[in-house]
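Colleague: What follows is a single structure, and I will ask about it in a moment.
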Amino acid sequence: MRLLAVAVLAGAVLGLFGDGAERALRYERGEALAQPWRLLTAHLVHHGWPHYGLNAATAAVVIALFGRRLTAVTLLWCAAAVSAGLYLLAPQIGWYVGLSGVLHGPLAAGIVREARAGRRAWLRGLALLAGKVAWELLDGPLPAVARMTGARVVVEAHLFGALAGALAGLLPARRRKR
């Protein structure tokens, strides 16, 4: 999944510009329609290096597990779903940065596809992911994650990403030509 690797690299480069890049590119509810690029660029900027590190490590896991089987379309679909979900369904969210919401998508898509392919062990992975998202919605983010990022964890983004990914995982897989 080259696009995911490019997004992680872009996050590192943008991190070099500090808070200015975050403020200029983050999702801002009040600016989303006037500056629509923020709906995409928000996923590339982070609230500091610990936040970036968590997202980069998660991206590495997603690439290691499912990189060959997931497409750029899935990643873009999940990014669009997170942004649309925040704008349409979470008016209380004023701003958002990071890749974590999007990353829940390819993770969910990969797990669903593996389970659909008859690999029953992946049903446990699906239960764990669903349990994590449910925990976050009911009880808040995992405490260690909230401490590391230094900002509010937008768990709604995780939900929107996971739902978009699960839907993508239910679609028939595209066969690659050799």
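The numbers here are math on the coordinates, done by the rules we state, and not lab data. Because the structure is predicted, anything quoted here is derived from the model rather than measured. So basically every Cβ, Gly included, is an ideal-geometry build from the backbone, and we count neighbours across all protein chains shown.
Colleague: If you place +1 on the Cβ of every Lys and Arg and -1 on the Cβ of every Asp and Glu, how big does the dipole about the Cα centre of the chain come out, in debye to the nearest 20?
Modeller: 1160 debye
Colleague: Moving on. Please name which of 133, 27, 164 has its Cα lying farthest along the dipole of the chain towards the positive end, using unit charges on Cβ (Lys, Arg +1; Asp, Glu -1) and the Cα centre as origin.
Modeller: Farthest towards the positive pole: 164.
Colleague: Arrange the following residues from fewest to most other Cβ atoms within 10 Å of their Cβ: 1, 148.
Modeller: Arranged by neighbour count, lowest to highest, 1, 148 become 148, 1.
Colleague: Another question, then. Nearest 0.05, what FRET efficiency do residue 71 and residue 147 give at R0 = 35 Å with Cβ-Cβ as r?
Modeller: 0.50
Colleague: Of the listed values (i) 1.00; (ii) 1.07; (iii) 0.96, identify the label whose number matches Rg/Rh (Cα atoms, Kirkwood Rh) calculated from this model.
Modeller: Comparing each candidate, only (iii) matches the computed number.
Colleague: List 43, 51 from most exposed to least, where exposure is judged by having the fewest other Cβ atoms within 10 Å.
Modeller: Fewest-to-most Cβ neighbours within 10 Å comes out as 51, 43.
Colleague: Output ³J(HN,Hα) for segment 97-109: one whole-Hz value per residue in order, computed from phi by the Karplus curve 6.51 cos²θ - 1.76 cosθ + 1.60 with θ = phi - 60°, and x for Gly and Pro.
Modeller: Running phi through 6.51 cos²θ - 1.76 cosθ + 1.60 with θ = phi - 60° gives 9, x, 9, 4, x, 5, 4, 4, x, x, 5, 5, 4 Hz.
Colleague: Now for a different question. Quick check for me: using +1 on Lys/Arg Cβ and -1 on Asp/Glu Cβ, what's the dipole size of segment 1-91 about its Cα centre, in debye to the nearest 20?
Modeller: Once rounded to the nearest 20, the dipole reads 300 debye.
Colleague: Listing 154, 13, 97, 82 from the residue with the fewest other Cβ atoms within 10 Å to the one with the most, what is the order?
Modeller: 13, 154, 97, 82
Colleague: Then there is this: Relative to the present Cα-Cα distance, how much length would full extension add between residue 61 and residue 93 at 0.36 nm per residue of separation?
Modeller: 8.7 nm
Colleague: For residue 127 and residue 33, FRET efficiency with R0 = 41 Å and r from the beta-carbon atoms, rounded to 0.05?
Modeller: So the FRET efficiency works out to roughly 0.60.
Colleague: For residue 119 and residue 170, compute 0.36 nm times the residue count separating them, minus their Cα-Cα distance, and round to one decimal in nm.
Modeller: Here the answer is 16.9 nm.
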